[in-house]
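Each reported figure results from applying straightforward, stated rules to the coordinates on display, with no laboratory input. Nothing here was measured: the structure is a model prediction, and the numbers come from that model. Heads up, the Cβs are rebuilt from the backbone with ideal geometry, glycines too, and the neighbour counts pull from every protein chain shown.
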Amino acid sequence: MIRKLLCGAGTLGASMFAATAAWAAETAEAVSDAAATAVAAVPTEIAEVVEEVPTIDSGDTAWMLMSTVLVLTMIVPGLALFYGGLLRTKNMLSMLTQVLVLASLAIVIWVTWGYSMAFSGSNPFFGDLSTAFLAGITPDSVSGTIPEYVFVSFQATFAAITLALALGSLAERAKFSGLLVFAVIWLTIVYFPMAHMVWSGDGFFMAREALDFAGGTVVHINAGVTGLVGAIILGKRLGYPNEPMPPHSLTATFIGTALLWVGWFGFNAGSAAAANGTAGLAMINTFTATAAGALAWFLAEKISGRKWTLLGACSGVIAGLVAITPAAAFAGPFGAIVLGAVASVGAYIFVSVIKSKLGLDDTADVFGIHGVAGIIGSLGVAVTMAPAFGGPGDADYVIGAQMGTQAFATAVAIAWAAIGSVIAFTIAKYTVGLRVTREVEVEGLDIGEHGERAYNG
């Protein structure tokens, strides 16, 4: 009897379990169908809006905060020490002052109207003033995956260092008040439009798919050509080239070089605007191209019958850094080595041979290094991008077609920088003056312009 009861209970339980499972399956299917129907009923416009809501990534934000500080370190104290060490003792403090003050001026102008001119509007050459004074930007505003304030800050350092780079060509004879006037005009008519053309979504170069990852045209060609124009308009320093004018402190230049290399990781890898594989590729290329540049310049000196020099190695470091800037994420590590070495040798030839034949007095060789290596990098990226050379280009990538685009962008950048610089320097020259008096130049700009000395005692 008990066995029959147990068998009956088991049969009943099994039937209930099966019925429950079947009900559950039917219910789940019904819920799934209802959910699918509900999702399908959501308007496409609403679904797209939901998908496109930007969110802040804490890792990306942390990296970009660090990158911004790294680039600032390139300017003060990095670039100031690099340039200052190349000058005579009596002009050291003037360079420190020029770099610090003009970089500060660039940052203030950037947040006032520069950011808006560079990253707003749909015109291919100029932005508008819709975000002047950072109008409409709040702590909640997002650019990509980072707060927009962080992006604004990062780009501010690019504007500041580009202006500061050009100062090296004008050193030891430029009037401080003239530089201030020049800076305001030059940033407005040269740098901001150039940044818009290259990096803004509707920019002239962006629309033509010109490759410039971190500023080969915007920063280095721009600064190099500007420095060359300024050096020509200012004229040579008193006594140049007949009087010896050796660097007064290669120690300061070496420290500046080290700070520039370290800071450049923020410059290049930070241009990925995220902590990702692209940033990693830019980082390793900033190692390899720079190291190759230093070795290439060092060897070029020896092969040409000169001694191995620290100044040569430092110059090669900068040439390698400049060359890889447009190609930082558009090359493989070994393509970066070749590009850095070629650009370094090209810059060496210009500085050691061509410069003197042209009779140029580019005090810190801004055009010779930033201009020449920048041009080589801007053109060379068309080659390093190719998969055949280890680049990240698609299988159907065509070097020749991209080279044409790069050559066009490079030529436009040179022309834009040259014409705009002539205008800016000329206005400064005929308003407040661009060159110090003979007496100030002989005495030194430290005392003559600022009433201080870099070294006392």
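Charges were assigned to the Cβ only: +1 to each Lys and Arg, -1 to each Asp and Glu. The resulting dipole of the chain about its Cα centre is roughly 1740 debye.
In the chain, taking the dipole from charged Cβ atoms about the Cα centre, the farthest positive-side position among G305, G320, A331 is held by G305. Computing Rg/Rh (Cα atoms, Kirkwood Rh) directly from the structure and comparing it against (1) 1.20; (2) 1.05; (3) 0.93 singles out (1). Projecting the Cα positions of P124, A135, A407 onto the charge dipole of the chain (unit charges on Cβ atoms of Lys, Arg, Asp and Glu, taken about the Cα centre) puts A407 furthest along the positive direction.
Could you give the distance between the Cα centres of region 156-192 and region 196-260, to the whole Å? Result: 10 Å between the Cα centres.
Each Lys and Arg contributes +1 and each Asp and Glu -1, all at the Cβ; summed about the Cα centre of region 313-457, the dipole is approximately 280 debye. By the helix-only formula, in which each DSSP H run with n ≥ 4 contributes -39500 (n - 2.57) and the sum is divided by residues, the chain has a 222 nm mean residue ellipticity of -20500 deg cm²/dmol. Shown here are the Rg and Dmax of the Cα trace of region 305-437, at 17.5, 60 Å. Taking 0.36 nm per residue of sequence separation and removing the Cα-Cα distance, the I303/V142 pair yields an extension gain of 52.7 nm. With the simple spin-label model, which puts each label point 7 Å out from Cα in the Cβ direction, the L180 to V422 separation comes to 2.8 nm. The angle between the Cα long axis of helix 58-73 and the main principal axis of the chain comes to about 0°, on a 0 to 90 degree scale. Spread over its residues, the convex hull of the C-alpha atoms of region 146-286 is 147 Å³ per residue. Net length available on complete extension from I447 to N276 is 56.7 nm, with 0.36 nm assigned per residue and the Cα-Cα distance removed.
Between helix 148-170 and the chain there is an angle of about 20 degrees, using the helix long axis and the longest principal axis of the Cα atoms. Rounded to the nearest 0.05, the FRET efficiency derived from the C-beta distance between V398 and L129 at R0 = 41 Å is 0.55.
When the Debye formula is applied to the Cα atoms of region 181-247, each taken as the same point scatterer, what base-10 log of I(q)/I(0) results at q = 0.15, 0.17, 0.24, 0.28 Å⁻¹? For region 181-247 at q = 0.15, 0.17, 0.24, 0.28 Å⁻¹, log10 I(q)/I(0) is -0.62, -0.71, -1.03, -1.20.
Using only alpha carbons, region 69-178 has a radius of gyration to Kirkwood radius ratio (Rg to Rh) of 1.06.
Here region 88-136 and region 361-389 have alpha carbon centers that stand 24 Å from each other.
Over 29 Å apart at the Cα level, from the set K175/K307; K90/K302; K90/K355; K302/K357, are K175/K307; K90/K302.
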